[in-house]
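What follows is one structure encoded as structure tokens, with my remarks underneath.
The values are calculated or read from the model by the stated rules, or taken from the named source; none is laboratory data. Keep in mind it's a predicted model, so treat the numbers as computed, not measured. Here the Cβ positions follow ideal geometry from the backbone for every residue, glycine too, while neighbour counts run over all protein chains shown. What goes into the accessible areas is simple: the full protein's heavy atoms, side chains included, and nothing from ligands, DNA or RNA. Shrake-Rupley method; radii C 1.70, N 1.55, O 1.52, S 1.80 Å.
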Amino acid sequence: MPIEPARLEKLSALARKVLWLSSWTIHHANHIRPNADGLKVGGHQASSASLATIMSALYFSVLKPEDRVAVKPHASPVFHAIQYLFGHQTREKLENFRAFKGAQSYPSRTKDVDDVDFSTGSVGLGVAQTLFSSLVQDYVKAHGWMKDRPEGRMIALVGDAEMDEGNIFEALLEGWKHGLRNTWWVVDYNRQSLDALVREGLWEKFESMFRNFGWEVVIVKYGRLMQAAFAEPGGEALRDWIDACPNAMYAALCFQGGAAFRKHLDDEIGDQGAVSQLIGRRSDDELLALMSNLGGHDMTSMIEAFESIDHDRPVCFIAYTIKGVGLPFQGHKDNHAGLMTVTQMEKWRAAQNIRAGHEWEKFEGLAQDPAVLEAFLADAPFNRDGRRRLTAAVIDVPERLAFKPSPAMSTQQGFGLVLNELARGDSELAARIVTASPDVTVSTNLGAWVNRRGLFARAEKADLFRSEKIPSTFNWDFSPKGQHIELGIAEMNLFILMSALGLSHAINGERLLPVATLYDPFIQRGLDAMNYACYQDARFMVAATPSGITLAPEGGAHQSIATPLIGMAQDGLAAFEPAFVDELSVIMGWGFRHMQREGAGEGGSVYLRLSTRTVDQPQRIMTSELQRGITDGAYWLRKPGENCEAVIAYTGAVAPEAIEAIGLIGESRRDVGLLAVTSADRLHAGWTSARKSRRDRRGTQHLSHIEKLLAPLPRDCGIVTVIDGHPATLGWLGSVRGHRVEALGVEHFGQTGSIDDLYRHHGMDANAIIDAAESLTSGAPVRHRKMAV
Ligand SMILES: Cc1ncc(C[n+]2csc(CCOP(=O)(O)OP(=O)(O)O)c2C)c(N)n1
Ligand SMILES: [Mg+2]
């Protein structure tokens with residue numbers, strides 16, 4: 001359907017305003033803001049200009065309230081300008097663009113006030129987030145939770161160089177496997193990256209690749225002016241010239257202007273009668289307007305392209321654009337971080353009929369009646385339902401999760417047992433859990449859960465082995481009610497899926513409690529995506545197993561050393577490494593509650609670093625004090641006496657070595673204590689926050705958990721720390737009260753062997769712990785040693 005002229009006129013005026021406001025926001029931050037001294041703050045005037053028309057078409061006309069968008073990070077000024085016109089962003093925040101508490105450099109769900117759907121920043125991740133959010137919407141719908149809410153389209157505005165990010169292709173493949181729907185990716189095909197120009201003919205590669213994966217591809221190359229010119233006599237020749245012009249040349253001519261285009265056209269196709277007349281009829285300015293009228297800058301073309309889609313299959317729009325269109329550096333290959341000078345801006349301002357001092361006024365310089373534009377904005381479909389950030393009720397979680405105990409177990413096994421128990425019941429908690437694993441479902445003990453709860457797919461698909469009555473331990477039936485999402489091996493996909501599932505309460509208004517499993521070393525493979533999920537406050541639980549060198553014969557390449565430090569350092573993620581399954585059951589209960597906590601600085605995601613090592617389990621009553629110690633990060637497994645000479649503080653799978661060592665040391669040293677550290681992360685965070693609040697003299701002068709635990713120790717008591725991970729994880733314990741520390745752990749990896757071999761090799765066995773304790777204490781050598789096996 002042709003677009004009405006009145007609507008087109010308003011949309012085009014607003015798109016011009018968006019281009020102005022986004023450029024002005026950046027200019028203001030660099031040149032006008034008090035203390036701005038030019039080129040300090042930066043911004044992306046050229047990258048933003050690229051998307052001004054496309055995003056105006058979307059937000060002012062095409063988007064529905066249920067649609068969700070990931071905006072290319074460096075187009076943040078365009079996003080903020082649009083929200084400002086809608087009245088969702090303040091002038092003050094725009095004036096403080098890129099400043100403390102101002103509008104963010106890249107759209108941020110957590111730090112911006114103008115209803116960002118998905119944060120972006122690290123390119124590629126926001127793009128994949130839209131794909132997985134669409135799968136999550138399908139999941140919510142298939143489980144009957146969409147009620148009467150319409151399905152939203154998940155839309156990404158993608159830079160063409162952003163498409164180099166491998167995670168996009170990994171996501172594409174996963175989307176194909178799951179019958180992706182309702183996803184639009186709009187590629188801003190300006191043929192420029194940060195440094196340079198993209199390869200010729202890239203669009204053909206995109207086109208065949210997307211079609212290959214079942215996407216519709218819509219190429220929006222020529223704007224209305226161009227199409228009209230092509231219909232004139234000689235137009236064909238002009239079109240052929242445009243199609244054959246290399247990217248670099250086209251960009252350079254856009255930068256140089258109409259006269260340069262004329263010279264090249266005259267030289268190359270100027271002797272062909274009709275086309276010469278076509279060119280000759282236009283002034284230099286008109287010629288430039290024609291040649292820069294690529295599809296992505298033409299409101300009509302974009303609206304028509306978007307509105308032509310009448311199905312829910314995924315669509316890739318390849319919209320031709322010019323980086324920096326309309327600005328003095330349009331098309332220049334160095335324009336990525338380029339800023340207009342004060343003189344250039346003054347000239348452009350005057351050309352736009354914007355009076356000095358009126359730069360922030362919403363409709364300044366536009367020919368249309370402001371009241372009409374205001375009404376048009378208020379009426380935009382996107383704006384209709386008000387605030388689009390949803391909430392969901394908190395799901396009840398019991399204090400401690402049940403499991404079927406055994407005298408000896410690994411924490412990985414315990415994790416499977418806890419989930420199995422949940423799967424057997426009919427709690428709301430179990431109904432809201434969604435699991436996913438990158439092809440390690442079975443080897444991370446999720447099998448029992450999946451057997452009971454099934455795999456998710458929109459269409460039923462029975463396990464062929466089962467229907468053929470071939471005995472198999474695992475039931476691999478797919479159905480719309482399934483609660484496990486099977487993923488391929490790509491760990492980036494796992495974490496972006498966690499990011500999408502973990503925002504379901506805010507996006508779909510339905511709470512999901514996502515649980516991921518993977519091998520611990522591969523956290524590093526998906527780390528940027530995990531960081532991204534945490535940054536946008538998605539809530540998930542990740543069980544990483546096996547871990548450390550304790551995975552022993554599993555292979556040296558799979559040993560993880562740095563992950564405990566990642567767990568401590570990752571903002572928004574509470575990291576735990578329990579030794580025993582009763583601890584794990586407490587932590588998982590706490591974790592499902594933590595994942596649902598809201599409010600400033602409240603709640604977050606949870607990382608469980610688990611092990612395949614079978615360990616004798618303590619027979620004990622889980623008191624509330626013990627429970628609190630476990631979730632705060634540590635408790636005394638053996639309380640130190642008054643004259644304590646040495647303490648062993650251990651984490652995770654090395655518990656048997658620590659217990660054995662304490663028994664042997666106890667015969668030669670007085671009152672020794674054994675500290676079980678279940679979370680170096682929580683312990684450390686509690687310590688730093690207590691110190692900070694004491695320094696700030698806020699509230700009470702309270703002591704942190706670790707300060708209280710270590711308070712009774714005599715000054716000269718030594719602490720030996722031991723963890724199957726980097727020793728720095730626990731080495732800081734000495735700073736809490738000024739005790740000397742010997743920190744044991746792993747600093748080199750790659751050697752395979754038995755657990756005993758490797759613990760001895762890395763100096764983490766009972767004898768190494770004893771040696772360390774001896775070096776910290778005076779007195780006769782410890783008499784008893786562990787016998788060599
Ligand atoms: C993972 C990651 N690597 C590098 C960057 C730095 N960076 C920001 S934009 C950009 C190039 C963008 O080119 P393109 O996607 O074509 O966007 P355009 O500016 O042309 O619109 C780069 C390298 C980043 N943000 N994220
Ligand atoms: Mg580009």
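Below are the figures for this structure:
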read-out: Failed item in (1) surrounded by fewer than 20 Cβ atoms within 10 Å (Cβ to Cβ); (2) within 30 Å of D756 (Cβ to Cβ); (3) over 26 Å from the mean Cα position of the chain (by Cα), with R628 passing the rest; value: (2)
read-out: Selected residue [part of a loop (DSSP other than H, G, I, E, B), closer than 27 Å to I303 by Cα and either touching a helix residue (DSSP H, G or I) at 6+ places or on another chain (Cβ under 9 Å) or within 14 Å of ligand 2 (Cβ to nearest atom) (or both)] from R199, R181; value: R181
read-out: Qualifying residue in the range 220-241 (condition: within 33 Å of the chain's Cα centre (by Cα) and either charged (D, E, K, R) or more than 16 Å from ligand 2 (Cβ to nearest atom) (or both)); value: yes
read-out: Test for K205: is it over 22 Å from E174 (Cα atoms) and of a type in the set (K, R); value: no
read-out: Hits in the range 350-380 - residues which are in contact (Cβ under 8 Å) with a residue 60 or more places away in the chain and either loosely packed, with under 12 Cβ neighbours inside 10 Å or not in a loop (DSSP other than H, G, I, E, B) (or both); value: A367, V372, L373, F376, L377
read-out: Residues being surrounded by 11 or more Cβ atoms within 10 Å (Cβ to Cβ), in contact (Cβ under 8 Å) with a residue 40 or more places away in the chain and basic (K, R) - total across the range 744-789; value: 2
read-out: Failed condition for V217, given (1) within 27 Å of the chain's Cα centre (by Cα); (2) within 21 Å of E286 (Cα to Cα); value: (2)
read-out: Per-region count, the range 486-537, residues part of a helix (DSSP H, G or I), of a type in the set (S, T, Y) and surrounded by fewer than 24 Cβ atoms within 10 Å (Cβ to Cβ); value: 1
read-out: Matching option when the condition is farther than 21 Å from A57 by Cα, at pLDDT 95 or above and either part of a helix (DSSP H, G or I) or not small (G, A, S) (or both), among E304, E268, E346; value: E346
read-out: T550, sole failed condition from (1) in contact with a strand residue (DSSP E or B) (Cβ under 9 Å, 6 or more places away or on another chain); (2) open to solvent by less than 10 Å² (accessible area, probe 1.4 Å); value: (1)
read-out: Candidate set from the range 94-129 (those that are aliphatic (A, V, I, L, M) and open to solvent by less than 20 Å² (accessible area, probe 1.4 Å)); member that is farthest from ligand 1 (Cβ to nearest atom); value: L94
read-out: Every pair of residues 6+ apart whose Cβ atoms lie under 7 Å, when the first sits in the range 159-170 and is touching a residue at least 60 places away in the same chain (Cβ under 8 Å) and open to solvent by less than 60 Å² (accessible area, probe 1.4 Å) while the second is assigned to a helix (DSSP H, G or I) and within 14 Å of ligand 2 (Cβ to nearest atom); value: E162/V127
read-out: Scan of the range 603-627 for residues that are part of a strand (DSSP E or B) and over 25 Å from A516 (Cβ atoms), ordered by number; value: D616
read-out: Residue that is open to solvent by 30 Å² or more (accessible area, probe 1.4 Å), touching a residue at least 60 places away in the same chain (Cβ under 8 Å) and within 16 Å of ligand 1 (Cβ to nearest atom), where the choices are L173, L202, L225, L197; value: L197
